[in-house]
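Novice: Have a look at the structure that comes next, please.
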């Protein structure tokens, strides 16, 4: 399965989870330009924009891919 399918699946699951959650933790591997340890990157920007109208705190964690999958 291509990695962008996984990202879309995670986004869909995230949106379902936000119906009841006040804090959402997003875990990712570091991908240059897409996700960075300081919370920057296009994927995190899209999530922040999508959750901007909700009263939800976004917690970003960047770790290696194996650990990120285990945390999911």
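The values are calculated or read from the model by the stated rules, or taken from the named source; none is laboratory data. Owing to the predicted nature of the structure, the values given are computational and were not obtained by experimental measurement. Ideal geometry is used to build each Cβ from the backbone, glycine not excepted, and the neighbour counts take in all protein chains shown.
Novice: May I ask you to list the residues in region 31-72 that are in a loop (DSSP other than H, G, I, E, B) and over 19 Å from residue 6 (Cα atoms)? Before the answer, list the steps.
Specialist: Kept after step one, since they are in a loop (DSSP other than H, G, I, E, B), are these residues of region 31-72: 32-34, 36-41, 51-56, 63-64, 72.
Once the filter is applied, which keeps residues that are in a loop (DSSP other than H, G, I, E, B) and over 19 Å from residue 6 (Cα atoms), region 31-72 yields 37, 38, 39, 40, 51, 52, 53, 54, 55, 56.
Novice: Just to be sure I understand, how many residues within region 48-72 are modelled with pLDDT under 85, surrounded by 12 or more Cβ atoms within 10 Å (Cβ to Cβ) and closer than 13 Å to residue 23 by Cα?
Specialist: 4
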